[in-house]
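The next block holds one structure in the form of structure tokens; read it before the comments.
The values are calculated or read from the model by the stated rules, or taken from the named source; none is laboratory data. None of the values given here were measured: they were computed from a predicted structure. In this analysis, Cβ positions are derived from the backbone assuming ideal geometry, glycine residues included, and neighbour counts consider all displayed protein chains. The protein model used for the area step is the full one, side chains on, heavy atoms only, and it has no ligands, DNA or RNA in it. Shrake-Rupley method; radii C 1.70, N 1.55, O 1.52, S 1.80 Å.
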Amino acid sequence: MHKIPDHLLVLPRMRVINVNCVSGPLTWGFPSVTAFCGFVHALSRKLGGQTVLDGVGIISHSFEPQAYQSGYEKRFSQTRNPLESDGSTAGIIEEGRAHVTVSLIIGVYGGKPDADETATLAGTLRLAGGSILPVSGAKVISLDKFAEQDGKTYKKLARKLLPGFTLTDRSDLLMEHHKNMPEEKTLLDALLDLSAMKHGYIETEGSKGEWQTYREGSGWLVPIPVGYAGISPLYQPGEVANTRDKETPFRFAEAIYTLGEWKSPSKLKGLDELLWFYSADTENGIYACKHKKIYE
């Protein structure tokens, strides 16, 4: 069980432009959970002292992909780089960008930070590669008298986050769906089955039925990248050439996907379903973000 935060830092309706919306090898869309956890970790290091930030709730208010439609296809709008020193045209590096408005609920352990100063500091960082516009209305909520059994503090906070949708982990639905599939099907098959738009003939009561577009399961389900899985042994510092530094162990890794669901903040029971935390299983090479139980 993870320790309950001493405070919650609320960064409401942050406008972030040009975030990276191609955060995994299989999907594009809203930035990955790892980008938000990484942002919180970087902000925590900036604060220093006795204050530690850990855990982040992600609420999306708007998502605007920088793309245009040509026929049935959507293509990312690309920017042209400045000319080279000799005057020649620089190549275009394909990137997927989006503008987002998000509210972040961040767990605070230790000293209580100044909300406005922390928001100003957050504006000096990058979030998923995007630039953060000035943040106003930041506040810190003390949890020393928080009662999870009635959730009054959370319910009051949730109302202020509307309209918006919270990204939650639904790996439980993924596992349940996989159990009901044929034995030869993998978890990836289950994820694709829950994510795909299907078109089929649906029989309706009292009529001959009709052709409909539908999806498996219920709710706003989406595949989301949440971390990385090691695909090599853990190499000691300096064993692999051209790594980021010579002091940190190194391992080749690939992205981990799971099933997520966008929910109204008011539909969550509390912080257990809201906050995403880092989780590292170095023995099995699993580095992922997930919800952790903070209440018994």
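For each pair in K46/K292; K179/K208; K185/K269; K263/K290, compute the distance between the two Cα atoms and list the pairs where it is over 23 Å. In this structure, K46/K292; K179/K208; K185/K269 lie more than 23 Å apart at Cα.
Would you mind working out the magnitude of the charge dipole of the chain relative to its Cα centre, with +1 at each Lys and Arg C-beta and -1 at each Asp and Glu C-beta, to the nearest 20 Debye?
Numbers: 33 positive and 35 negative charges, 223 e Å.
Around 1060 debye, computed over the chain.
Using only side-chain charges placed at the Cβ, +1 for Lys and Arg and -1 for Asp and Glu, the dipole size of the stretch 189-296 relative to its Cα centre rounds to 300 debye.
Gain in length, S62 to Y201, computed as 0.36 nm per residue apart minus the alpha-carbon separation, to one decimal in nm? Could the numbers behind the result be given before it?
Numbers: separation 139, 0.36 × 139 = 50.04 nm, distance 3.38 nm.
So the extension gain works out to 46.7 nm.
In terms of its alpha-carbon gyration tensor, the chain comes out rounded; the largest-to-smallest axis ratio a/c stays below the 1.5 threshold.
Taking the Cβ-Cβ separation of M175 and T89 as r and a Förster radius of 41 Å, what is the calculated FRET efficiency to the nearest 0.05?
Details: r = 51 Å, r/R0 = 1.24.
The pair M175/T89 has a calculated efficiency of 0.20.
Which percent of the accessible area of the chain is formed by carbon and sulfur heavy atoms (probe 1.4 angstrom)? Let's see the in-between values first.
Details: 8880 of 17410 Å².
C and S atoms contribute 51 percent here.
The charge dipole of the stretch 53-144, taken about the Cα centre with unit charges on the Cβ atoms of Lys, Arg (+1) and Asp, Glu (-1), comes to about 240 debye, rounded to the nearest 20.
Simple rule: put +1 on each Lys or Arg Cβ and -1 on each Asp or Glu Cβ in the stretch 3-116, find the dipole, and look at V40, M14, V56; the Cα lying farthest toward the positive end is V56.
Classification of the stretch 39-85 by its C-alpha gyration tensor yields an oblate form. The axis ratio a/c (a ≥ b ≥ c) is 1.5 or more, and b/c is at least a/b. Cα centroid distance between the stretch 244-296 and the stretch 87-112, in Å? Between the Cα centres of the stretch 244-296 and the stretch 87-112 lies a distance of 19 Å.
Note that the chain presents 59 Å² accessible area per residue, ligands and nucleic acids not counted, probe 1.4 Å.
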